[in-house]
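One structure is given below, encoded as structure tokens.
The values are calculated or read from the model by the stated rules, or taken from the named source; none is laboratory data. All of these numbers come straight from a predicted model, not from anything done at the bench. Don't worry about glycine lacking a Cβ; one is built from the backbone with ideal geometry, like all the others, and counts go over all protein chains shown.
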Amino acid sequence: MKLIAIKTLVSIFVVIGIVFISERRPKIGGLLAGLPLGVGILMFFYAFEQGAAFAITGIPYAIAGLTSTLAFGIGFYLGGKLFLQNNTLHTATSIFFGILAFFISGFLISLAKINLTIGISIFLVGMILSLLFFTAVPESKKIKFQKYTFSVLVFRALFVTAVVLIITGAAKIIGSKWAGIMASFPTMLCPVLIILAYNYKDKLYPNVLKHFSYSITTLVVYYLSILMLYPQFGIYSGTFFAYLICFMYLYALSTIGKIKEVKTKNRQQNIAH
């Protein structure tokens, strides 16, 4: 009971903390939101409850399982093409097809014997296919944003908490293979997509999924980090250093992205002149 309470408090604290920071420092909030928050919580509690060896054993399947996360995004996108005139049905079909795609992909991955090299290879193929799939999705148009209410925040916190409790609670039963795959379930992204689909239909979330196909590489960095750090530093210091590495990785990606934007703008200005 005590452990359940700890999981609940950690999950709620992370969600509320990101929202609080994002409202005051959007840049820092954006970087934090790109961190492997759901994955980090799940892998930490795997190691805490089942031992670091259990968590490490499942990492090749977790990395391959990121393909299932990308499949979730594609399924969500395709499901979102239906019932656009009804917010509830539109959102329900989106989440249904997303979860269906996740588990079909996860099942296929679970049938294979996967080591680290194969896991990374499967992920790279999945990422390339996802990037190609979302290439045609245009940038989001400017729309009037709805202000998030307290109930929305509560929904996100409770959703994340429920997923963490269910997956970590079932870890011993499903084994390290499926535990690794389930660790890649989009715990943080899923409630965001649900809210966007319900409030804005298909106007925003397709673009979120498009850019998620790039940022998911951060999760690979996190998995590889804890693979090296857990045995050497333990789960507490290992988790801290892994997040630090991911934060620096995201900051580098953000900096590179801004440099590319500046170069593109300068090139366009030169052409115009």
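Miscellaneous remarks
- Taken over the range 195-246, the residue count meeting the criterion of being over 14 Å from the mean Cα position of the chain (by Cα) and closer than 30 Å to Thr88 by Cβ is 12.
- Restricting Leu227, Leu219 to residues that are crowded, with 16+ Cβ neighbours inside 10 Å and touching a Ser or Thr at 6+ places or on another chain (Cβ under 8 Å) narrows the list to Leu219.
- Yes/no for Thr161 being farther than 25 Å from Ser130 by Cβ, among the polar types (S, T, N, Q), at pLDDT below 80 and more than 17 Å from the chain's Cα centre (by Cα): no
- Restricting the first member to the range 85-104 and to residues that are farther than 19 Å from Met182 by Cα and without any contact (Cβ under 8 Å) to a residue 60 or more places away in the chain, and the second to residues that are buried (at least 19 other Cβ atoms within 10 Å of the Cβ) and of a type outside the set (A, V, I, L, M), the beta-carbon pairs closer than 8 Å and six or more apart or on different chains are Thr93/Gly79; Thr93/Gly80.
- Checking Phe44 against (1) farther than 24 Å from Phe247 by Cα; (2) among the aromatic types (Phe, Trp, Tyr); (3) surrounded by fewer than 24 Cβ atoms within 10 Å (Cβ to Cβ), the condition it does not meet: (1)
- Flag if Ala179 is in contact (Cβ under 8 Å) with a residue 60 or more places away in the chain, more than 15 Å from the chain's Cα centre (by Cα) and in a helix (DSSP H, G or I): yes
- Among residues of the range 126-138 that are β-branched (Val, Ile, Thr), those with a Cβ under 6 angstrom from a residue that is surrounded by 10 or more Cβ atoms within 10 Å (Cβ to Cβ) and outside any loop (DSSP other than H, G, I, E, B), sequence gap 6+ or separate chain, pair up as Val137/Pro206; Val137/Lys210.
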